[in-house]
Amino acid sequence: MLAFERLAPDDRSGIRTMSRLATDILREHYDPILGKAQNDYMLEKFQSVDAISHQLEGGYQYYFVMAEGRNIGFLAFYPRGEALYLSKLYLLKEERGKGYSRLMVDFIVGKARDASLGSIELNVNKYNDAILAYESLGFRRVRAEKNDIGSGYFMDDYVYALNVDDWQSPKQNSQ
């Protein structure tokens, strides 16, 4: 069973913990895909204490994903147009492959429905093996895009979307 603990914008200690967790997960996962230099740049730009604080102030919702009382991952999202934009969905390496991502997406679908948003969108690096996980969860590729993030670096991604009405909750499947 997973628990989701929302990170408050004024929780400085929690923001530091989130930044450390993100750095640990993203270094392990993205250094081989992007290279250490680009990943270091992206960690500072998107997952530093200041970056997370700014995102929270701008409407992001960050959650610690917990199992048995310990942080095993995190997620972040915000409303963007008619969709809920899923900015981050990450698990520690040793927690992957246990079915947790389905429970995490179920949680996010609930948040999208609560906000009366009909879809969830995300970007995923074209060389990230998480593409297979997203596709198995029902996300469909919408387009490719390349975004300049500064200092000569680009995010070379696919954009995926999930219609919340098409989502089959793991709770429904177990009944």
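Rule-based calculations on the coordinates, nothing more; no lab input. Everything numeric in this text was worked out from a predicted model, so none of it was measured. As a convention, Cβ positions derive from the backbone with ideal geometry for all residues, glycine included, and neighbour counts pool all protein chains shown.
Charges at C-beta only: +1 for Lys and Arg, -1 for Asp and Glu. How large is the resulting dipole of the chain about its Cα centre, in Debye rounded to 20?
220 debye
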Helix runs (DSSP H) in the chain reaching 27 Å along axis by Cα, Kyte-Doolittle at least -1.0: 12-34
Quick one: the Cα spread of region 1-106 along its three principal axes, in angstroms, biggest first? 36, 31, 31
For the Met155, Ala115 Cβ pair and Förster radius 30 Å, calculated FRET efficiency rounded to 0.05 is 0.75
